[in-house]
Amino acid sequence: MKVLLVNPECPANTFWSFKHALKFIYKEASNPPLGLLTVAALLPEKWDKRLVDLNVTQLRDTDLQWADYVLISAMSVQRDSVKEIIRRCKANGRKIVAGGPLFTTSYDDFPEIDHLVLNEAEITLPLFLADLEEGIARHIYTSDEWADITKTPLPLWELIDLKKYASMCIQYSRGCPFNCDFCDITLLYGHNPRTKDRAQILAELDSLYMLGWRGTVFMVDDNFIGNKIKLKQEILPAIAQWMSDHRYPFSFYTQVSINLADDEELMKLMTAVGFETVFIGIESPHEESLTECSKVQNKRRDLIAAVKCIQKAGLQVQGGFIVGFDNDPPSIFEKQIEFIQKSGIVTAMVGLLNVLRGTGLYRRLQQESRILKEGSGNNTDFTINFVPKMPRETLVNGYKKIVATIYAPEYYYQRLKEFLEVYRPAPKKTVRVSMLDIYAFIKSIFVIGVMGKERRYYWKLLGWSITKRPAAFPLAVTYAIFGFHFRKIFEI
Ligand code: SF4
């Protein structure tokens, strides 16, 4: 059997694509398709496997003609590319197997797909494979159970060229104990965080190390601190030992909930092993909007103080923000701008509320006949897929004002300085400066420092950093490059 695994293209102009920043370091994509690489490892060993990631290369007709089956995994944001891949598979007479979040929540949008292997592949893929062997493969495979991820195999890294990506990925856990009503993570992975064990995580670190990877590793969990006790007692100490034994080859970033700020010990352990950045869903500074979306962990706390506490502990905070809640007052746009500026969250992903199929929010708005179309999965594309309480034009214009303000050079560099003044990173165990870092710096001088309209702010920041915070100089350059990307995608 010959199987072609295809990762559809993510639109280039999305916030998280970092497309305009990746050009500075000669990378094609931020992250490899970890889900597909894991699925590849679940397929029979004797099958021939190839992987085409449309974010780093093209799909040729000869690739399709080689394969007996084309296997696609996708998220909502990849929907348009999925449609095109299906069209080409049909034109080439190939059979398609599909799974992943997009198909699990919206399988009825894809009747052309031959086999839909939904929910978690560890459970449904073996059922499909057994039926395929018997010649009785069905159209849909689903399951209500959650997989035991201590049995999940190592991703088949050899199917990709690691050099094309800015970061590698490891999944430690699935599931989140919280219940934010717009989020589909608990629908896809449940509330009870399931974790891999110590030996698996060390094997994943080993496998990336053996392949020569050095640099950033994204722990892709939706909430890395869902099970704090296991992290503190078992996983982080084991990673710390491994990192020390291997002379600190990686730095890590991940996604967490704001209650990380309440646990000094956990923050210390994370920074000690090399965690540098965390993404946190802040969503809104307006308490009633947090109540509306059941973001209980963010309520009744000083969110700015919590962010600063995490930054002081040595972790950069990226933040997610949403406008469009029913309870958002007309002043929400100003409140969001003020909050973001004061928090020093440089990478602030502000999005219009996007209603994803299957979520609590979707069910509520459907009952109120307020769903207009499928969500794009791209929170920053200025589209709204439901009828908001606020006049639509007010909402879109207010949203545009937020992004035009916070990414304008004056505001962006002011926020960046605010962050660098507070941020207290753990001392680096090893300092590695690669040729790519040097290229990126030189390129930033020409693209931002000479040709960019933000050049005045760029030079002022570099001057300030050299004199006041020299250790933060590389970070100042990195964030200047990120700012360039954000301004490009929002066309500021
Ligand atoms: S904390 Fe994050 S992952 Fe968990 S339910 Fe809320 S939005 Fe989803």
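The values are calculated or read from the model by the stated rules, or taken from the named source; none is laboratory data. All values derive from a computational prediction rather than experimental measurement. Cβ sites come from the backbone with ideal geometry, for glycine too, and all protein chains shown count toward neighbours.
What the table below lists for this structure:
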item: Test: residue in region 128-147 that is over 22 Å from Leu4 (Cα atoms), outside any helix (DSSP H, G or I), within 16 Å of the ligand (Cβ to nearest atom) and of a type in the set (Gly, Ala, Ser); result: no
item: Unmet requirement for Asn55, which otherwise passes all of (1) in contact with a Gly (Cβ under 7 Å, 6 or more places away or on another chain); (2) surrounded by 21 or more Cβ atoms within 10 Å (Cβ to Cβ); result: (1)
item: Qualifying residue in region 356-363 (condition: surrounded by fewer than 23 Cβ atoms within 10 Å (Cβ to Cβ), of a type in the set (Ser, Thr, Tyr) and more than 16 Å from the ligand (Cβ to nearest atom)); result: no
item: Residue list for region 111-127, restricted to those being outside any helix (DSSP H, G or I) and surrounded by 18 or more Cβ atoms within 10 Å (Cβ to Cβ); result: Ile113, His115, Leu116, Val117, Leu118, Asn119, Glu120
item: Residue in region 379-399 that is within 30 Å of Gly100 (Cα to Cα) and among the charged types (D, E, K, R) present; result: yes
item: Subset of region 27-52 (residues that are closer than 18 Å to Thr216 by Cβ and either outside any loop (DSSP other than H, G, I, E, B) or at pLDDT below 95 (or both)); result: Ala29, Leu34, Leu37
item: Condition check for Ala29: out of contact with any Asp or Glu (no Cβ under 9 Å at 6 or more places or on another chain) and at negative phi; result: no
item: Hits in region 314-331 (condition: β-branched (Val, Ile, Thr) and more than 16 Å from Leu352 (Cβ to Cβ)); result: Val317
item: Sole residue being within 15 Å of the ligand (Cβ to nearest atom) and of a type in the set (Gly, Ala, Ser), chosen from Gly212, Gly175; result: Gly175
item: Residue selected from region 441-460 under the condition surrounded by 20 or more Cβ atoms within 10 Å (Cβ to Cβ) and under 28 Å from the mean Cα position of the chain (by Cα), by the criterion nearest to Tyr26 (Cα to Cα); result: Ser444
item: Every residue from region 58-102 that is surrounded by 19 or more Cβ atoms within 10 Å (Cβ to Cβ) and at positive phi; result: Gly100
item: Residue within region 60-67 that is under 21 Å from the mean Cα position of the chain (by Cα) and under 23 Å from Tyr107 (Cβ atoms) present; result: no
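Conditions tested, residue by residue: (1) in contact with a helix residue (DSSP H, G or I) (Cβ under 7 Å, 6 or more places away or on another chain); (2) among the small types (Gly, Ala, Ser); (3) closer than 17 Å to Ala426 by Cβ.
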residue	(1), (2), (3)
Lys230	no, no, no
Gln241	no, no, yes
Asp245	no, no, no
Asn259	yes, no, no
Thr277	no, no, yes
Ser284	yes, yes, no
Gln318	no, no, no
